[in-house]
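Worksheet: the structure to be examined is printed underneath.
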There are 2 protein chains.
Amino acid sequence: MNVSSKPERTRLSAEDWELAALHLIAEQGVGALAVEALARQLGVTKGSFYWHFRTREALLNAALERWEQYGEREVLGQIEQITDPRKRLPELFRRVAHELQPHRVYAALLKALDHPQVVPVMARVSQRRMEFLTTAYREAGLPAQEALNRARLTYAAYVGFLQLNFTLGLPRINHEEFDAYVEHMIATLIPA
Amino acid sequence: MNVSSKPERTRLSAEDWELAALHLIAEQGVGALAVEALARQLGVTKGSFYWHFRTREALLNAALERWEQYGEREVLGQIEQITDPRKRLPELFRRVAHELQPHRVYAALLKALDHPQVVPVMARVSQRRMEFLTTAYREAGLPAQEALNRARLTYAAYVGFLQLNFTLGLPRINHEEFDAYVEHMIATLIPA
DNA sequence: CAAAAACCATACGGAAGAGTATGGATTGCC
DNA sequence: GGCAATCCATACTCTTCCGTATGGTTTTTG
């Protein structure tokens with residue numbers, strides 16, 4: 001339940017705050033990112049925070065940038081190593097489906113698209129992922145326009161799934177049924 | 001810009017507050033639902049509000065219930081009159097696509113799934129819509145399990161599309177391109 | 001080992017927003 | 001017209017949370 005249950009008696013760095021912030025965002029959303037709450041959770045007081053960061057916004061921006069760059073090399077980096085265009089999309093679907101944990105922050109950020117700070121980040125990230133999907137569909141044999149629309153459809157399905165499952169707890173789909181769903185997605189969305 | 005630019009000098013009812021609340025939710029999200037802000041917008045003060053409602057939560061609940069019941073007879077009611085099962089799904093897709101206005105509240109509520117008050121409402125609404133889609137796919141010829149998964153996929157695509165277009169303003173898709181996207185959805189998701 | 005830098009606690013000030021108390025204004029009704 | 005009921009304004013209190021000021025404590029370093 002408690003992140004810092006063992007009293008890590010080392011002093012904190014800016015990175016510690018950013019990681020804690022991302023953790024909190026993933027669990028309770030951007031709106032819950034309050035400095036005093038974070039401080040309590042880290043076992044210190046505000047005095048510490050305002051040494052490392054000039055303001056609350058600064059923390060948010062730092063955390064968002066950290067998350068964006070992590071996702072850049074991790075999420076997309078792995079997939080790009082699958083060179084066979086025919087295996088690429090199914091592999092992508094299956095991996096994303098079974099590593100939902102890193103997508104928690106993304107789901108939380110999706111719900112914070114009114115905060116002006118997160119909009120540009122999400123715009124960049126979504127844009128890159130869309131382009132990735134589009135070229136993948138092209139390599140799978142779809143003509144340009146089809147590939148773009150299929151990418152839109154796929155990405156929308158991904159985003160919607162995150163919403164309907166993390167945040168809303170719809171009839172909590174179980175594991176094997178979930179696998180069946182993923183295979184169904186592959187069968188309907190990926191051209192044979 | 002201003003909703004009540006003409007000083008409607010009639011006194012307010014609870015319904016007025018609920019409608020104004022829904023309007024505000026659609027534009028700025030649930031988080032922006034503050035009673036003093038609403039009061040300013042309606043040209044009155046808090047004193048009025050707390051006569052009609054016991055608390056801020058009460059207003060939210062009333063507004064949500066109003067929205068839920070409106071959607072019940074409007075959104076689903078119309079579609080159920082299309083008796084031909086083969087025409088049903090394409091018609092549904094096209095109508096939903098071209099009447100995005102009533103879906104603004106839904107999109108806003110989707111981003112507020114951390115508020116405990118909206119979760120049950122969204123759970124009910126989503127559940128009903130899912131069931132509607134599932135039976136529609138069954139009537140279109142899909143076996144039970146397939147129909148359920150296809151409904152999940154469709155609904156996720158719908159939800160994701162709302163997110164990516166209303167709130168995030170991705171490369172603002174234009175009108176004819178949007179129509180092409182809808183037809184692409186129909187072609188890929190609805191069995192021939 | 002002392003001085004400087006890094007890190008943190010305590011105690012403020014101030015803004016925003018929920019909710020209460022109370023009296024005044026307006027409207028429907030007899 | 002006058003009396004209730006309804007509706008609203010004003011003026012508070014209380015809480016939460018951001019940010020500042022200031023001084024203390026721990027590390028680092030020359």
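The values are calculated or read from the model by the stated rules, or taken from the named source; none is laboratory data. All figures in this text were calculated on a predicted structure; none of them were measured in a lab. Every residue, glycine among them, receives a Cβ derived from its backbone with ideal geometry; neighbour counts consider all protein chains shown. Ligands, DNA and RNA are stripped out before the accessible areas are found, and what is left, the full protein with its side chains, is counted by its heavy atoms. Shrake-Rupley method; radii C 1.70, N 1.55, O 1.52, S 1.80 Å.
Once the dipole of the protein assembly as shown is set up with Lys and Arg at +1 and Asp and Glu at -1 on Cβ about the Cα centre, which of A:Ala26, A:Ile173, B:Val75 lies farthest towards its positive end?
Of the options given, the answer is A:Ala26.
For segment A:179-192, just list the computed ³J(HN,Hα) in residue order, Karplus coefficients 6.51, -1.76 and 1.60, θ = phi - 60°, integers in Hz, with x standing in for Gly and Pro.
My calculation for segment A:179-192 gives 4, 4, 4, 4, 5, 5, 4, 4, 5, 8, 9, 9, x, 6 Hz in order.
Leaving ligands and nucleic acids out of the surface, order B:Asp114, B:Asp16 by accessible area at 1.4 Å, largest first.
Numbers: B:Asp114 75, B:Asp16 55 Å².
Result, largest first: B:Asp114, B:Asp16.
Please state, rounded to one decimal and in Å, the Kirkwood hydrodynamic radius that chain A gives when every pair of distinct Cα atoms enters the mean of 1/r. Working shown, then result.
Working: mean 1/r = 0.0540 Å⁻¹.
About 18.5 Å, per the Kirkwood formula over Cα pairs.
Hand me the trypsin sites (Lys or Arg not before Pro) from segment B:131-192 located in a DSSP loop with no more than 12 other Cβ atoms within 10 Å, in residue order please.
When the trypsin sites (Lys or Arg not before Pro) of segment B:131-192 are filtered for loop state and at most 12 Cβ neighbours within 10 Å, B:Arg172 remain.
Mind putting a number on the dipole of the protein assembly as shown about its Cα centre? Charges go on the C-beta only, +1 for Lys and Arg and -1 for Asp and Glu, and I need it in Debye to the nearest 20.
On the way: 46 positive and 46 negative charges, 119 e Å.
Once rounded to the nearest 20, the dipole reads 580 debye.
So, with +1 on the Cβ of K and R and -1 on the Cβ of D and E, and no other charges, what is the size of the charge dipole of chain A about its Cα centre, to the nearest 20 debye?
Working: 23 positive and 23 negative charges, 62 e Å.
Around 300 debye, computed over chain A.
Only helical DSSP H runs with n ≥ 4 go in: add -39500 (n - 2.57) per run for chain A, normalise by residue count and round the 222 nm mean residue ellipticity to 500 deg cm²/dmol. If you can, show how the numbers build up before the last one.
Numbers: 9 runs with 124 residues, N = 192.
After summing the helix terms and dividing by residue count, I get -21000 deg cm²/dmol.
For the ranges B:20-28, B:62-70, what's the packing order if you count other beta-carbon atoms within 10 Å of each residue, average per peptide, and put the highest first?
On the way: B:20-28: 18.7, B:62-70: 17.1.
So the order, starting with the most tightly packed, is B:20-28, B:62-70.
Can you list residues from other chains, or at least 5 along the same chain, whose modelled amide H is less than 5 Å from the amide H of A:Gly43?
For A:Gly43, no residues qualify.
Report the relative contact order of chain A, percent, no decimals, based on alpha-carbon pairs under 8 angstrom and at least 6 residues apart. Walk me through the numbers before you get to the answer.
Working: 124 pairs, mean separation 42.6, N = 192.
Reported relative contact order: 22 percent.
Between A:Arg54 and B:Ala58, how high is the FRET efficiency from 1/(1 + (r/R0)^6) when r is the Cβ-Cβ distance and R₀ = 41 Å? Nearest 0.05.
Working: r = 40 Å, r/R0 = 0.97.
Here the calculated transfer efficiency is 0.55.
Just to confirm a number: summing +1 for Lys and Arg and -1 for Asp and Glu over residues other than A:Leu142 whose beta-carbon lies under 14 angstrom from that of A:Leu142, what do you get?
Working: positive: A:Arg86, A:Arg88, A:Arg138, A:Arg150, A:Arg152; negative: A:Glu139, A:Glu146.
Within the 14 Å Cβ shell, the charges total +3.
Student exercise: in the protein assembly as shown, how many lysine pairs 8 or more apart or on different chains have Cα atoms under 27 Å apart?
Numbers: A:Lys6/A:Lys46; A:Lys46/A:Lys111; A:Lys111/B:Lys111; B:Lys6/B:Lys46; B:Lys46/B:Lys111.
Counting lysine pairs in the protein assembly as shown gives 5.
If you roll a 1.4 Å probe over segment B:14-189 with all protein chains in place, what percent of the accessible area is carbon or sulfur? Intermediate values should be presented prior to the final figure.
Values: 4300 of 8410 Å².
Within segment B:14-189, the accessible surface is 51 percent carbon and sulfur.
Considering only B:Leu148, B:Gln41, B:Phe132, whose Cα is most displaced toward the positive end of the charge dipole of segment B:14-189, charges sitting on Cβ of Lys, Arg (+1) and Asp, Glu (-1)?
Of the listed residues, the answer is B:Leu148.
Report the Cα-based extents of segment B:38-91 along its three principal axes, largest first, to the nearest Å.
Taking the Cα atoms of segment B:38-91, the three principal extents are 54, 20, 12 Å.
How compact is the protein assembly as shown by the rule of thumb for globular proteins, expressed as Cα Rg over 2.2 N^0.38 Å?
1.07
How large is ³J(HN,Hα), in whole Hz, for each residue of segment A:76-84 in order, when computed from phi with the Karplus curve 6.51 cos²θ - 1.76 cosθ + 1.60 and θ = phi - 60°, using x for Gly and Pro?
Once θ is set to phi - 60°, the couplings for segment A:76-84 become 7, x, 4, 5, 5, 7, 7, 7, 5 Hz.
Accessible area, 1.4 Å probe, largest first: how do B:Arg54, B:Arg124, B:Arg129, A:Arg86 sort? The partial results should precede the final answer.
Values: B:Arg54 200, B:Arg124 105, B:Arg129 40, A:Arg86 180 Å².
Largest accessible area first, the residues go B:Arg54, A:Arg86, B:Arg124, B:Arg129.
Short version: ³J(HN,Hα) in whole Hz for each residue of segment A:112-128, in order, from phi by Karplus 6.51 cos²θ - 1.76 cosθ + 1.60 (θ = phi - 60°), x for Gly and Pro, what are they?
Values per residue, Gly and Pro as x: 10, 6, 8, 5, x, 6, 8, 4, x, 4, 5, 4, 4, 4, 5, 4, 4 Hz.
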